[in-house]
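Here the structure comes first, spelled out in structure tokens, and everything after it is commentary.
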Amino acid sequence: MKELRRIPLSGPDITDLEIALVNRVLRTPYLSMGPMIEEFERAAASFIGKKYAAAVSNGTSGLHLCVEAAGVGPGDEVITTPFSFVASANCILYEGGTPVFVDIDPETLNIDVDRIEEKVTSRTKAILPVHIFGQPCQMDRLMAIAQRRRLRVIEDACEAMGAEFEGRRVGSFGDGAVFAFYPNKQMTTAEGGIIVTDDVEWFKLFRSLRNQGRDENGTWLHHTRLGYNYRLDEISSALGVAQLQRIDELLNKREAVAGWYTDRLEQIEGVETLRIDSKVSRMSWFVYVVMLSPELDRNRVMGELEECGVPSRPYFTPIHLQPFYIDRFGFKPGDFPITEAVARRTLALPFYGGLKEEEVEFVCRSLRAVIGRQCG
Ligand SMILES: *Cc1c(COP(=O)(O)O)cnc(C)c1O
């Protein structure tokens, strides 16, 4: 009988430590706004190297609060990349701002820093770089532009927990930075995110905005500003505390899996692996993405991989070609040709820290067979 196996696309890494801390929370009366969120915030701020951290309900809400803190309003522009998860541009729309896309570097798939400055106008308020797939953007040059043009920088580090550029952790460069902890990220709180900043005013604003616009010293039913419920609960925070204690282990496991993939895939014709910028001192592997040769039919590759029990995903569809961006802004194919060419060829393979070497071997063998069939 044919071997039936299915490799998961991703999976969380949960141990007795996470279970014990979550259990501990469940034995207290504090399921929200208790001591766990504060412990999580202290640990995260110290890990990233920022003064303050504000935990929030997810990465998207964190990005929204940063865009609001940066003072973005109707008519204001924020420069960002079209090659990302849709939330990294949606957060600008929430405040009525306009995302101004800059095409990407075809090697690192990050925003092309050389092309940022030509997009700066009198309405530009901020740059919102995304460290895509866990690879840091060129933050030295990007921060220099921001300083010269007096722009705020909001790092979307939702895919890059623990990544380092020239020995410095991502999230420590911008005015604010956001990490996300959905179950497929490097560490998880189930749903959750965190904002880090050195600016005490931003920090106070985040704490108020996430908590219905309440003031630090106000009463429960006193609302100073239009706020939201973007709080992170104590159970999620407990997961975060435990995962952050294990962060080196989590990142190392993922790095090992990525290494197994790279070793094998570099020998397969028709498959290109990701280039890592020489100034990246630590890649934090979020997903393992390959680029297929342009002549290969990606949908067929995906379909046939699926039949082998190997799921894969076309990460990402360019944001400017999402239906409501086309409707609202009139974007069309060809507007960001590098992003579009890359997005047609990328394929995310099963990837998480718990993947075994023989499973990686199986995925690579399947990919080689599927591609061989198409080429032949
Ligand atoms: C995951 C992710 C987010 C949003 O995180 P959520 O927690 O799912 O809201 C934002 N930007 C990027 C690039 C992401 O990958």
- Task: Measure out, as a whole number of angstrom, how far apart the alpha-carbon centroids of segment 242-318 and segment 135-197 sit.
- Result: 21
- Message: Taking the alpha-carbon distance from Lys253 and a cut-off under 21 Å, which lysines remain once sequence neighbours fewer than 8 residues away in the same chain are dropped?
- Response: Lys185, Lys356
- Task: Enumerate the aspartates and glutamates that Lys332 could reach by cross-link, defined here as Cα to Cα under 12 Å, with residues fewer than 8 away along the same chain left out.
- Result: Glu340
- For a footprinting-style exposure proxy, rank Thr81, Thr60, Thr98, Thr28 by other Cβ within 10 Å, fewest first. Thr28, Thr98, Thr60, Thr81
- Message: Straight-line reach from Lys51: which aspartates and glutamates fall under 17 Å, measuring Cα to Cα and dropping same-chain residues less than 8 apart?
- Response: Glu38, Glu39, Glu41, Glu155, Asp175, Asp198, Asp199, Glu201
- Note on the structure: Sorting Ile338, Ala190, Asn229 by the position of each Cα along the dipole of the chain (Lys, Arg +1; Asp, Glu -1; all at Cβ), the one nearest the positive end of that ordering is Asn229
- Most exposed first, judged by fewest Cβ atoms within 10 angstrom, Trp220, Trp285, Trp260, Trp202 run Trp220, Trp260, Trp202, Trp285
- Item | Using alpha-carbon coordinates, inclination of helix 59-69 to the longest axis of the chain, degrees | 50
- Query: Say each of Phe324 and Asn23 gets a label point 7 Å from the Cα, pointing the same way as Cα to Cβ; how far apart are those two points in nm?
  - Reply: 4.3
- Can you give the net charge of the other residues whose Cβ lies under 11 Å from the Cβ of Leu63, counting K and R as +1 and D and E as -1? -4
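In debye, nearest 20: dipole of the chain around its Cα centre with unit charges on the Cβ of K, R (+) and D, E (-)?
Computed about the Cα centre, the dipole is about 480 debye.
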- Query: Of all chymotrypsin sites (Phe, Trp or Tyr not before Pro) in segment 77-173, which ones are in loop regions per DSSP and have a Cβ with at most 14 other Cβ atoms within 10 Å?
  - Reply: none
- Message: Tell me the angle of helix 247-265 to the major Cα principal axis of the chain, expressed in degrees between 0 and 90 and rounded to the nearest ten.
- Response: 20
- Task: Work out how much length Leu9 to Arg313 would gain on full extension: take 0.36 nm times their residue separation and subtract the Cα-Cα distance, in nm to one decimal.
- Result: 108.6 nm
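So, counting K/R as plus one and D/E as minus one, what does the shell of residues with Cβ under 14 Å around Leu305 add up to?
Net local charge, Leu305 excluded: +3.
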- Note on the structure: Around Met33 (Cβ within 14 Å, Cβ-to-Cβ, excluding Met33; K/R +1, D/E -1) the net charge comes to -2
- Query: Counting other Cβ atoms within 10 Å of each Cβ, which GluC sites (Glu not before Pro) in segment 57-164 have at most 16 and sit in a DSSP loop?
  - Reply: Glu107
- Based on DSSP H runs of at least 4 residues, each adding -39500 (n - 2.57), what is the mean residue ellipticity at 222 nm of the chain after dividing by all its residues, to the nearest 500 deg cm²/dmol? -11500 deg cm²/dmol
- Helix 139-148: angle to the longest alpha-carbon principal axis of the chain, degrees 0 to 90, nearest 10? 40
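Each reported figure results from applying straightforward, stated rules to the coordinates on display, with no laboratory input. Model, not experiment: these values are computed from the prediction. Glycine gets a Cβ as well: all are built from the backbone with ideal geometry, and neighbour counts include every protein chain shown.
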